[in-house]
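None of the figures in this text is laboratory data; all of them are computed from the coordinates on show. What you are looking at is a predicted structure, and each value in this text was computed from that prediction instead of being measured. Note that each Cβ is placed from the backbone with ideal geometry, even for glycine, and that neighbours are counted across all protein chains shown.
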């Protein structure tokens, strides 16, 4: 990619975003087929559109000055924590998904998207930013650690429930 431009996604970006989601969905299905299934249809557009229209959500895309289709996308949303009495109330920005096209990786696109997401989180007054990463995805875990993220807790599962 030539000079990178990070901007908020618009409706015209949705077909390309669906393609990018296909890459991350395939990665998860291949690693955890017992958990992830192949969708008969792409993700519902109303869910994706909510990241364009809802002020507590945003989708950021990375493209170039020529306006090429996005090479990467990041979805982030706000969660208000206040329900459990023991948990301190907080306004948390949660990175839901980050995908960089396979052919465009290792060019700083992911880093650019994360930096823009952190600025957005700051601008909407989030007190921290969180995300989830699956244990199998060591490459993603290393990336997130390089961006300053650290594990907060670990979710575990057991398949053979009596």
Testing the spin-label approximation: label points 7 Å from Cα along Cα→Cβ at residue 32 and residue 5. State their distance in nm. 3.6
At q = 0.13, 0.16, 0.20 Å⁻¹, what base-10 log of I(q)/I(0) does the Debye formula yield for the range 10-94 when every alpha carbon is treated as an equal point scatterer in vacuo? -0.57, -0.79, -1.00
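Taking only DSSP H segments of four or more residues, each worth -39500 (n - 2.57), what value at 222 nm results for the chain once the sum is divided by all its residues, to the nearest 500 deg cm²/dmol?
On the way: 4 runs with 51 residues, N = 162.
For the chain, the value works out to -10000 deg cm²/dmol.
What percent does the relative contact order of the chain come to when contacts are Cα pairs within less than 8 Å and at least six residues apart?
Values: 216 pairs, mean separation 33.3, N = 162.
Relative contact order of the chain: 21 percent.
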Mean-square fluctuation maximum in Gaussian network of the chain, Cα pairs under 10 Å, restricted to 79, 106, 125, hits 106
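For residue 130 and residue 68, what is the calculated FRET efficiency with R₀ set at 22 Å and r taken between the beta-carbons, to the nearest 0.05? It would help to have the intermediate numbers written out before the result.
Details: r = 31 Å, r/R0 = 1.41.
The value I calculate is 0.10.
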Need one number for the range 89-162: average projected area of the convex hull over its C-alpha atoms, nm². 7.0
Within the set 108, 148, 22, GNM on the chain using Cα springs under 10 Å gives the largest fluctuation to 148
Only one of the listed values, (i) 25, 21, 17; (ii) 23, 20, 14; (iii) 33, 17, 12, was derived from the coordinates as semi-axes √(5λ) of the Cα gyration tensor in Å; which label is it? (i)
